Amino acid sequence: MPAPEGSVLDVDGRAQKLSRFLQSKITLLGFIYTTCTDPEGCPLAYRVFDSLKKEIQATPALHDRVRFVTLSFDPARDSPEVMKYYAGSRIKESRGLRWYFLTTRSVRDLLPLVEGFGQDVRYSVDRSSGRPVRELSHVLKVFLIDRAASIREIYTSTFLHPQTVMNDIKTLLMEQGLKFPGEPGSD
């Protein structure tokens, strides 16, 4: 399934096409919002990405072949400046791995992306007034995207384990002919 296209903002506020961040490398993309406190939600994705980052940096065969994308689905609160702060030092390329933190200008720009990825997001409603409140509800999903910008795997919190994701990344790279030391056929 091809990944959807849409307009995003990088941490410097520059508008870009999402496809710029999804082609030519294996991409792991996770939707988050920076104020999420559910330990099985956005913080879990962050921990898994951090764990994978360490393994990718320690594996020279993976350098410059994988990228991470963290995309906010709360553009009202997650401005480029907030995403830059949230990213901290992770936005600097480190040993062949680049991690991008993106947001959108508005919910209008965001909707084609969340719908195209099948990422459900709901806003809670104040029962007394019937108006939406700023509390988001979502099922954690992380997407593994191949070099041709096709979604190859979708992980939920149940299956979002660093070793599972790493095995899938390596499988995609082996499909391209890359061999890893210790893997069958690498001699």
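The values are calculated or read from the model by the stated rules, or taken from the named source; none is laboratory data. Note that the structure is predicted; figures quoted are calculated from it, not measured. Heads up, the Cβs are rebuilt from the backbone with ideal geometry, glycines too, and the neighbour counts pull from every protein chain shown. Heavy atoms of the whole protein, side chains included, go into the accessibility calculation; ligands, DNA and RNA do not. Shrake-Rupley method; radii C 1.70, N 1.55, O 1.52, S 1.80 Å.
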Handout entry: Average accessible surface area per residue within the chain, 1.4 Å rolling probe, Å²
Key = 51 Å²
Fill in the blank from the handout: Per the C-alpha gyration tensor (a ≥ b ≥ c, the square roots of its eigenvalues), segment 1-74 is rounded if a/c is under 1.5, else prolate if a/b beats b/c, else oblate; here it's oblate
Exercise for the section: Could you tell me the distance between the Cα centroids of segment 82-117 and segment 31-74, to the nearest Å? Expected result: 11 Å
Completion exercise
The value for the chain (convex hull of the alpha-carbon atoms, volume per residue, Å³) is 114 Å³
Completion exercise
Carbon/sulfur accessible area of the chain, % of total, 1.4 Å probe, equals 50 percent
Exercise for the section: Quote the relative contact order of the chain in percent (integer), defining contacts as alpha-carbon pairs under 8 Å separated by 6+ residues. Expected result: 29 percent
Exercise for the section: Could you rank the peptides 95-105, 59-69 by their average count of other C-beta atoms within 10 Å per residue, with the highest value first? Expected result: 95-105, 59-69
Problem - Out-of-range pairs (alpha-carbon distance over 24 Å; input 17/92; 17/54; 92/179; 54/84; 17/179; 17/84) - result: 17/54; 92/179; 17/179
Practice task
Would you please give the residues with an amide H less than 5 Å from that of residue 120, counting only those at least 5 places away or on a separate chain, with H modeled from the backbone geometry?
Solution key: 139
